[in-house]
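Working notes for the structure below.
The values are calculated or read from the model by the stated rules, or taken from the named source; none is laboratory data. The shown structure was predicted, so the numbers you read here are calculated from the model rather than taken from an experiment. So basically every Cβ, Gly included, is an ideal-geometry build from the backbone, and we count neighbours across all protein chains shown. Quick note on the areas: whole protein, heavy atoms, side chains included, nothing else; ligands and nucleic acids left out. Shrake-Rupley method; radii C 1.70, N 1.55, O 1.52, S 1.80 Å.
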Amino acid sequence: MEEPSFNTLMDRSNGYEGVAVEFLARRGRGRSTGVGVNVVRNWARTLPHGASVIDLGCGPGFPITEVLVAEGLNVYGVDAAPSFVEAFRRNLPNTPVDCEAAQDSRFFDRTFDGVLAWGLMFLLSSEDQRRLIQRIAGILVPTGRLLFTSPAEPLVWNDAMTGLESRSLGAEEYRRQLSAVGLSISREYEDEGRNHYFDALKGEFPK
């Protein structure tokens, strides 16, 4: 079966607007705790103080986006679920956020020192993932950093919350796609929730 195209009209929140109440009850209220927080904090500390970072699929802002803000970064958020964006504005009122799908966001019409896509990439179709990687490369400054999560193995499964199909391209394909747009993977690692991270830089890492 052919996957939805990049421009197909659909629920741009990948089903998360429909489960927003449940999601917010589970994850949207904690501050600086939870799965992924320590990894994101350590990544944030590799960036200069005041660096500009965009959090794609930012959700309600807690706990992940808040970590970026707490580390002194100049943070922007993007999420396609209106309920999440509304919660984000309550939680982080001084942090700009747009209600847009990452696939077709204008990214605030600017470039960034860092891009975070936590729990987003694998929700997209294969083609959308490839195009998003290309677009991310375009908004990163030279030596800018990208951190995103997706399983290391090529997998297709149903999202635990929405029941919709999720898809990992697998580490080999992600490396190929990143390399094609000038991004080099520095490290891959996992957190306590077994989320697999790809930590990449625009350009070549020092030998």
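Take the residues in the range 168-191 that are open to solvent by less than 30 Å² (accessible area, probe 1.4 Å) and part of a loop (DSSP other than H, G, I, E, B), then tell me which one is farthest from Q134 (Cα to Cα).
Out of the qualifying residues, it is D191.
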Name every residue in the range 168-180 that is charged (D, E, K, R) and over 23 Å from T46 (Cα atoms), in order of residue number. E172, E173, R176
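Quick grid of which residues meet (1) over 21 Å from D55 (Cα atoms); (2) modelled with pLDDT of 95 or more; (3) in contact with a Gly (Cβ under 7 Å, 6 or more places away or on another chain):
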site	(1), (2), (3)
L140	no, yes, no
S150	no, yes, no
L155	yes, yes, no
N158	yes, yes, no
Q177	no, yes, no
A180	yes, yes, no
L183	no, yes, no
K202	no, yes, yes
Does V75 fit the bill of being free of Cβ contacts under 8 Å to residues at least 24 places away in the same chain and over 19 Å from G182 (Cβ atoms)? yes
State yes or no: is L73 within 14 Å of the chain's Cα centre (by Cα) and at pLDDT 95 or above? no
Helices (runs of 4 or more DSSP H) lying entirely in the range 59-167 (those with 1 or more residues that are over 25 Å from R45 (Cα atoms), open to solvent by less than 40 Å² (accessible area, probe 1.4 Å) and not charged (D, E, K, R)): 82-91, 126-139
Subset of the range 1-37, residues out of contact with any strand residue (DSSP E or B) (no Cβ under 9 Å at 6 or more places or on another chain), at positive phi and modelled with pLDDT of 80 or more, comes to G15, G34
